[in-house]
Amino acid sequence: MRIEQAAREHIDKQLTNSGLSDPQVELSVVSARPAPACGAPVEIEALDARQYARMRFVARCPDPRGWRHDFVVRARVSAQVAVTAMPLRAGEVLSDDHITLERRDVTAVNDAIGAPESAVGQTSRRSLRAGEVLRSSQLAAPIMVKRGDQVLMQARYEGVEVSMAGEALDAGARGAMVRVRNAASGQVLRMRVSGAGTVEPADLPGVNR
């Protein structure tokens with residue numbers, strides 16, 4: 001059926017971008033009545049496909065005496081995803097020992113983590129039970145620089161490296177933008193956190209590239 005094919009293509013495209021491992025999809029098309037015959041190729045359009053458990057599609061017949069028919073498609077999606085191997089405390093940094101890979105139903109989970117290594121090194125935003133599917137919304141990058149920390153300001157450009165001492169005026173994880181006061185000049189600069197206690201210029205072209 002064209003509706004099922006359109007729904008599967010839509011889901012496959014989303015799953016390709018999700019990073020989930022070995023996803024499997026089961027589909028069922030719900031309709032109160034069968035669609036009539038059409039003398040031309042039927043046009044299919046997704047009306048609302050945000051939730052796999054209940055997606056709405058419309059089929060249109062472009063004949064002069066054409067018709068429109070709505071369908072509901074229900075899908076069940078499973079995949080190999082990262083799961084907590086043990087209970088986690090809020091603020092705990094995840095290691096390989098904390099994570100295992102299992103096949104789970106992720107129909108209603110739109111931010112499941114497919115690659116365990118992408119969760120390693122992040123911190124849990126809240127307490128998690130053993131056996132929970134790890135979601136990106138549950139994790140946060142660890143804070144590398146805290147407000148008031150003495151930091152090393154490093155700039156590399158065309159083979160030249162310059163290092164200066166500074167004081168962080170904001171806290172941030174790796175990649176976050178923070179304000180840093182140059183210890184020598186007192187100038188406040190906008191910097192990017194590059195590691196634990198280190199920052200780099202945010203706006204200088206070619207820096208660290």
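Name the shape class, rounded, prolate or oblate, that the alpha-carbon gyration tensor gives for region 35-104, where a ≥ b ≥ c are the square roots of its eigenvalues, rounded holds for a/c under 1.5, and otherwise prolate holds if a/b is larger than b/c and oblate otherwise. Since a/c reaches 1.5 and a/b is larger than b/c, the shape of region 35-104 is classed as prolate. Based on C-alpha pairs under 8 angstrom that are at least 6 apart in sequence, the chain has a relative contact order of 14 percent. Computed over protein heavy atoms with a 1.4 Å probe, the accessible surface of region 1-120 works out to 59 Å² per residue. Largest GNM mean-square fluctuation among Gly197, Gly19, Gly159, using the chain with Cα springs under 10 Å: Gly159. Among Leu15, Leu128, Leu189, the residue with the largest mean-square fluctuation in a Gaussian network model of the chain, with springs joining Cα atoms closer than 10 Å, is Leu189. Tell me which GluC sites (Glu not before Pro) from region 41-121 have a DSSP coil assignment and no more than 16 other beta carbons within 10 Å of their own. Here the GluC sites (Glu not before Pro) that fit, given the DSSP loop and packing criteria, are Glu92. For region 93-148, the residue among Val133, Gly148, Pro116 whose Cα projects farthest onto the positive side of the dipole built from Cβ charges is Gly148. For region 134-207, GluC sites (Glu not before Pro) meeting the loop criterion (DSSP other than H, G, I, E, B) and having at most 14 other Cβ atoms within 10 Å: Glu158. State whether region 87-173 is rounded, prolate or oblate according to the following rule on the C-alpha gyration tensor (a ≥ b ≥ c being the square roots of its eigenvalues): a/c under 1.5 gives rounded; otherwise a/b larger than b/c gives prolate, and the remaining case gives oblate. Note, shape of region 87-173 comes out prolate. Report, for the chain, the % of DSSP beta bridges that are antiparallel, rounded to 5. Here the antiparallel bridges make up roughly 95 percent for the chain.
When you filter the trypsin sites (Lys or Arg not before Pro) in region 14-90 for DSSP loop state and at most 11 other Cβ atoms inside 10 Å of their Cβ, you are left with Arg50, Arg65, Arg89. On the chain, 49 percent of the accessible area sits on carbon and sulfur atoms, based on a 1.4 Å probe. For helix 2-18, report the angle its Cα long axis makes with the longest principal axis of the Cα atoms of the chain; keep it between 0 and 90° and round to the nearest 10°. Roughly 10 degrees, rounded to the nearest 10. Shape of the chain from the C-alpha gyration tensor: prolate (a/c of 1.5 or more and a/b above b/c, with a ≥ b ≥ c the square roots of its eigenvalues). Model label points for Arg129 and Ala115, set 7 angstrom from Cα along the Cα-to-Cβ axis, are 3.0 nm apart.
The values are calculated or read from the model by the stated rules, or taken from the named source; none is laboratory data. Just so it is clear, the structure is predicted and the values come from calculations on it, not from any experiment. No Cβ is skipped: glycine too gets one built from the backbone with ideal geometry, and neighbour counts run over all protein chains shown. To get the accessible areas, we keep the full protein, side chains included, count just its heavy atoms, and leave off ligands, DNA and RNA. Shrake-Rupley method; radii C 1.70, N 1.55, O 1.52, S 1.80 Å.
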